[in-house]
1. Take the stretch 25-54 and flag every residue that is open to solvent by 80 Å² or more (accessible area, probe 1.4 Å) and either assigned by the TED database to the domain that holds GLU101 or in contact (Cβ under 8 Å) with a residue 60 or more places away in the chain (or both).
2. So which of GLU73, GLU62 is closer than 30 Å to VAL100 by Cα and open to solvent by 100 Å² or more (accessible area, probe 1.4 Å)?
Amino acid sequence: MFSGNTVEQMRTQTLEDLKSKTEALEQEVWKLEQQRDELQRTLNQKLQEVQQEGNEKILPLENEVKTLSERLETTQAQVASATSASNADPAALDDLLKDVEEQLDTANNTIRMLQMEKAERSEAREDFPSFGAKLGAPGVAEEDLVRSVEGLTVEFVYHKM
């Protein structure tokens, strides 16, 4: 059997071991918190950069839609003027109308495509911050966050093309 002194030494040793493990775990927690904070700072910075780039991409699209809309209005006014002219040749008027209809169809399709692209970019930009909220969420592994950011990077690069 162990003597009282030996049992006390074992308890003391066990207590010291537990204190050492606790300190090591506290150090590890501190390091992980530092990594999390750095990831959050980096993610927030990337979010701002992506939003700014998105705004810079959307502005030219909006300007192009505006320009095409103005051209469409001008063309429509010209068609209205040509159709109201009393001395217009019916065959020439038909050709003019066909040309104008083709131009209108092309302009409308371009406007629709630009509006869809703008909506996609806006949606992607709006979805991006939701990943930032996951960063501080309990139970979210660092691997999941890295995969999320990588997925967004791939999606962003795809939209840039």
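1. Matches in the stretch 25-54: GLN35, ARG36, LYS46.
2. Numbers: GLU62 fails: open to solvent by 100 Å² or more (accessible area, probe 1.4 Å).
Every option except GLU73 fails the conditions.
The values are calculated or read from the model by the stated rules, or taken from the named source; none is laboratory data. Small disclaimer: the values here were computed from a predicted structure and weren't measured. Neighbour counts run over all protein chains shown; Cβ positions are idealised from the backbone, glycine included. The protein model used for the area step is the full one, side chains on, heavy atoms only, and it has no ligands, DNA or RNA in it. Shrake-Rupley method; radii C 1.70, N 1.55, O 1.52, S 1.80 Å.
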